[in-house]
Amino acid sequence: MKKYRPNTKAVVVGLAFMLVGIACWVIKASFIPKGAVFLFSIGMLLICIGGLTLTITAFIAMRKNDLAMNAIIKKQDEERKKEAEKEKQTSAF
């Protein structure tokens with residue numbers, strides 16, 4: 001069975017959004033404690049977008065793996081049914 005991995009580009013983009021969001025928070029907290037309130041909200045938004053990107057990427061990879069596994073299970077079930085039918089036919093004679 002082929003194992004599907006998350007898209008590397010999407011993972012990098014998600015992590016980049018999260019790192020930029022954390023950088024906005026650090027800049028706001030360390031260098032500009034009383035001003036630039038917009039950095040806090042932008043940082044929070046970027047962290048959320050990065051997390052959402054990672055979550056969607058993980059769900060897509062998981063869904064592809066589930067579909068591949070279901071195809072293998074269906075194939076095995078069909079083979080078992082054919083073997084059971086052959087046994088019934090040979091035991092009937």
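With θ taken as phi - 60° and the Karplus curve 6.51 cos²θ - 1.76 cosθ + 1.60 applied, the whole-hertz 3J(HN,Hα) list for region 14-26 is x, 5, 5, 4, 5, 5, 5, x, 5, 4, 4, 5, 5 Hz, x standing for glycine and proline. Considered as an equivalent ellipsoid built on the Cα gyration tensor, the chain has semi-axes of 56, 9, 6 Å, the largest given first.
Lysine pairs in the chain whose alpha-carbon atoms fall under 27 angstrom of each other, counting only those eight or more residues apart or on distinct chains, come to 18.
3J(HN,Hα) along region 38-50: 5, 5, 5, 5, 5, x, 5, 4, 5, 5, 5, 5, x Hz, from the Karplus curve 6.51 cos²θ - 1.76 cosθ + 1.60 with θ = phi - 60°, whole Hz, x for Gly and Pro. Ligands, DNA and RNA left out, the accessible area of the chain computed with a 1.4 Å probe is 68% carbon and sulfur. The string of couplings for region 57-64 from the Karplus curve (6.51, -1.76, 1.60, θ = phi - 60°) is 4, 5, 5, 5, 5, 5, 5, 4 Hz, one whole number per residue in order, with x for Gly and Pro.
Averaged per residue, the chain has 81 square angstrom of accessible surface, using a 1.4 angstrom probe with ligands and nucleic acids left out.
Take the Cα of GLN76, step 7 Å along the line toward its Cβ, and report every residue of region 1-21 whose backbone nitrogen sits under 18 Å from that point. Counting only backbone N, you get 1-4.
Run a plain Debye calculation on region 50-93 (Cα atoms as equal point scatterers, no solvent) and give log10 I(q)/I(0) at q = 0.14, 0.18, 0.25, 0.34 Å⁻¹, rounded to two decimals, same order as the q list. Summing over Cα pairs of region 50-93 leads to -0.52, -0.64, -0.81, -1.00.
The values are calculated or read from the model by the stated rules, or taken from the named source; none is laboratory data. It should be emphasised that the depicted structure is a prediction, and the values quoted were computed from it without experimental measurement. Neighbour counts are summed over all protein chains in view; Cβ atoms, including those assigned to glycine, are modelled from backbone coordinates with ideal geometry. The accessibility values were calculated without ligands, DNA or RNA, using every heavy atom of the protein model including side chains. Shrake-Rupley method; radii C 1.70, N 1.55, O 1.52, S 1.80 Å.
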